[in-house]
Structure formats: structure tokens, C-alpha cells
1. May I ask you to derive the FRET efficiency for N19 and E74 from their Cβ-Cβ distance with R0 = 41 Å, giving the value to the nearest 0.05?
2. Go ahead and run the numbers for FRET between V42 and C10, Cβ-Cβ distance against an R0 of 41 Å, rounding to 0.05.
3. Give me the count of lysine pairs in the chain whose alpha carbons sit under 23 angstrom apart, restricted to pairs 8 or more positions apart or on different chains.
4. What do you get for Rg/Rh of the chain when both radii come from the Cα atoms and Rh is the Kirkwood radius?
Amino acid sequence: CGIIAGKALCENCGLSYYNGVAPGALIYMHDLGDLKGNFDDVDINKYLERAKIANSYISSNSWGYPDGHDEIRELYSKTAYKYPNITFIFACGNKGKYNSIHIPGNSKNVLS
């Protein structure tokens, strides 16, 4: 959130050099809860409904599966295609190695 919307309390101080890319932007946070790495119970339709109410069009996600969950990749690819006004962003490189873009970050219609 700091990288996206962080803003220093002072305008002309050294801290303002570390403002986010959209200082002062509003953040809508959708809590995934204590899923212990199992994101299968995330209801994408409930998320989209709440995001629409919050007037939120950027979905920043820092989670993913290393392999196996092709249905999750397909779900996000189709959802991103169906709702082109929402940009789904997923983390990549969290493992600190090459080829560590995980599902659904490697979906066709999302940004990683």
C-alpha cells in the first residue's frame, strides 16, 4: 500500500522523496482471512461486488500458487477479460528465483 498510495506528512521534507506512485490514493482492502495458503475459498464474485461498491478498479495481490491450480489461473484470466475496467495485479519473483511467476500471476489477462 505504501508503494502505491504512501504520502509523507510534510510537503518539502526528505521523506516526500519516498511517496508512493499515486500519493494519497484511496485503498480498498479485501481481507482474505486466515486461509493458510488455501485461496480456493475466495469468492471472486463477492470480491467484484464489494470492489464495485468501493469504486475500486485496481486489484493488487501478493499471493499465488507455484503450480497445480490451473482452475484459479483460468478463473482470473476469464474474470479479467470479462471486466476490462478492473486491472488485476499479482506479485512475481517472491521466491527470489527465475521463473517464479505463480498462478494466477501467469494468467493471460492479468498484470504481474
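1. So the FRET efficiency works out to roughly 0.65.
2. On the way: r = 39 Å, r/R0 = 0.94.
The pair V42/C10 has a calculated efficiency of 0.60.
3. Close lysine pairs found across the chain: 13.
4. Ratio of gyration radius to Kirkwood radius for the chain: 1.02.
Readers should treat all values here as calculations from the given coordinates under stated rules, not as data from a laboratory. Please read these numbers as outputs of a predicted model, since none were measured by experiment. Methodologically, a virtual Cβ is constructed for each residue, glycine included, from the backbone with ideal geometry; neighbour enumeration extends over all protein chains shown.
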